[in-house]
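Notes follow once the structure below has been shown.
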Amino acid sequence: MSVNIIRFSLNLSYDDYAKVYQGVAKNVYAVADDGRSIAFPAGNIQNFLTREGIQGRFEMRLTAENKFVSIRRLN
């Protein structure tokens, strides 16, 4: 199975992510390390939410058809 890997950084405040719960936002937008603009469902990164929001470097894995497989925080 072919897997696409996208690496990116996020710096979302808690208030920005709270817009998902308010129904204002459904997707997270970021710029990948290779310069591509990416968008994905906010629920895919919810596990990383803290009181400060979501910060850090992440790696998202997608199938060859660009279907979400997984996401993890990088050290």
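All of the numbers you see were taken from the coordinates with simple rules; none came from a lab. Note that the structure is a prediction, hence the values are computed from the model and not measured. Glycine also receives a Cβ, built like all others from the backbone with ideal geometry; neighbour counts cover every protein chain displayed.
If R0 is 30 Å, what FRET efficiency do you get for Arg61 and Ala25 from their C-beta distance, rounded to 0.05?
Once rounded, the FRET efficiency stands at 0.85.
With contacts defined as alpha carbon pairs under 8 Å and 6 or more residues apart, what's the relative contact order of the range 1-60 in percent?
With pairs under 8 Å counted, the relative contact order is 50 percent.
Tell me the net charge near Leu12. Cut-off is 10 Å between Cβ atoms, Leu12 excluded, with +1 for each Lys or Arg and -1 for each Asp or Glu.
Overall, the nearby charge balance is -2.
Given H placed 1.01 Å from N in the peptide plane, which residues other than close sequence neighbours of Ala25 have an amide H under 5 Å from its amide H?
Val20
I want the local charge near Asn75. Using Cβ-Cβ distances under 11 Å, sum +1 for each Lys or Arg and -1 for each Asp or Glu among the other residues.
Spelling it out: positives minus negatives among the neighbours equals +2.
What's the longest uninterrupted piece of the chain once you rule out the trypsin sites (Lys or Arg not before Pro) that are loop residues per DSSP with at most 15 other Cβ within 10 Å?
It works out to 1-25.
Give me the base-10 log of I(q)/I(0) for the chain at each q in 0.13, 0.14, 0.20, 0.25 Å⁻¹, Debye formula, one uniform scatterer per Cα, rounded to two decimals.
Result of the Debye calculation: -0.37, -0.43, -0.86, -1.26.
Just to check I understand the Karplus step: with θ = phi - 60° and J = 6.51 cos²θ - 1.76 cosθ + 1.60, what whole-Hz values come out for the range 55-67, glycine and proline as x?
Per residue, the Karplus-derived 3J(HN,Hα) values read 10, x, 9, 10, 10, 10, 10, 10, 6, 4, 8, 6, 8 Hz.
Tell me, Leu62, Leu12, Leu74, Leu49 in order of fewest to most beta-carbon neighbours within 10 Å?
Taking fewest neighbouring Cβ atoms as first place, the list is Leu74, Leu49, Leu62, Leu12.
In terms of modelled amide H atoms, which long-range or inter-chain residues lie less than 5 Å from the amide H of Asn4?
Leu62, Thr63, Ala64
Tell me the GluC sites (Glu not before Pro) within the chain that lie in a loop according to DSSP and have at most 15 other beta-carbon atoms within 10 Å.
Here the sparse-neighbourhood loop sites are Glu52, Glu65.
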